[in-house]
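J.: Below you'll find the structure I mean.
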Amino acid sequence: MAKKFVRAIFPGSFDPITNGHLDVVSRGMKLFDELVIAVGRSPIKNQLFTPEERVEMIAELITGMPGVSVEPFEGLTVKYAARKKADVILRGLRSLTDVQYEFQLAMTNRAVAGIETIFIMTSEQYGFTSSTLIREIASLGGDLSNLIPKTVHERLKQCLKKTGRQAQGSRSETSSDSEDAILNT
Ligand code: ADP
C-alpha cells in the first residue's frame, strides 16, 4: 500500500520562537512530509514582535530543513488548516500544565472541524521554556544562550531597546502574574 502524504501545520504565537519550539519542529519534520509553521496574529494577546518579524526570524532558522516552511495566518486555526489542506495540527507539550489546555483545544478542533492534533513532547531541557518567560528574562538582561537561537536573542535585544524595556527591573506588559511570581521568588 502506498504511503499517504501527510501535511501538518504547527500553529502558535512564536513571540519569539524558542529552542523548545525548534525542538518540536525538528522532531515533527521526521514524522510529516510537509510541516508548515503557522504564525498567528492574535487580536487578544499583546505581542512583542509583529507577525512579519516572527516569520522572518523563523524563516532564517529553517533554511536547510526539508519540508518545513513558515507563514503568517489570521483567524481560526481550523479554517486555516482547511485552506492548507492539512491532515493534522501539531502542538508541543512541556508539562502537565500544558496538557489540560491543549486537550481542550484539540477536542474543540476535532469537534468543530474533524481534524486531529498530534502532540510532541519537548526535550527535558526545554520543559520550562516559554516565549513569555524569554521576553521577561531578556527585559531583565538575563542569559538566554541555551534557550533561544543567537539571531533571535539579537532581535530581542534590539526590540526591547527600541521599546525602552531593557532596563533592570523593568516589567514586561505581556507577562502573566504566575510567571511574575516565578521570577520574583
Ligand atoms: P500559543 O499562543 O498558540 O500557545 P506558543 O508559541 O506559545 O503559541 O506555542 C505554540 C506551541 O508550542 C504550543 O503547542 C506550545 O505548547 C508549544 N510550546 C511552547 N513552548 C514550548 C517548548 N519549550 N517546548 C515544546 N513545546 C512548546
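The values are calculated or read from the model by the stated rules, or taken from the named source; none is laboratory data. None of these values were measured; they are calculated from a predicted model. Positions of Cβ are backbone-derived with ideal geometry, glycine not excepted, and every protein chain shown enters the neighbour counts. Just so you know, the surface numbers come from the protein's heavy atoms only, side chains and all, with ligands and any DNA or RNA stripped out. Shrake-Rupley method; radii C 1.70, N 1.55, O 1.52, S 1.80 Å.
J.: Only residues that are surrounded by fewer than 20 Cβ atoms within 10 Å (Cβ to Cβ), within 13 Å of the ligand (Cβ to nearest atom) and under 14 Å from Asp15 (Cα atoms): list them for the range 130-148, please.
T.: Correct list: Ser130, Thr132.
J.: So which residues in the range 66-93 are open to solvent by 40 Å² or more (accessible area, probe 1.4 Å) and part of a loop (DSSP other than H, G, I, E, B), if there are any at all?
T.: Scanning the range 66-93 gives Pro66, Glu74, Gly75, Leu76, Lys84, Lys85, Asp87.
J.: Separate question: Going residue by residue through the range 99-112, is there one that turns out to be assigned to a loop (DSSP other than H, G, I, E, B) and on the phi < 0 side of the Ramachandran plot?
T.: No: zero hits.
J.: Can you tell me which residue in the range 115-129 is least open to solvent (accessible area, probe 1.4 Å), limited to those that are in a loop (DSSP other than H, G, I, E, B) and out of contact with any helix residue (DSSP H, G or I) (no Cβ under 7 Å at 6 or more places or on another chain)?
T.: Gly127
J.: Restricting to the range 1-56, and then to whatever is of a type in the set (A, V, I, L, M) and open to solvent by 40 Å² or more (accessible area, probe 1.4 Å), can you tell me which residue is nearest to the ligand (Cβ to nearest atom)?
T.: Filtering first and then ranking leaves Ile44.
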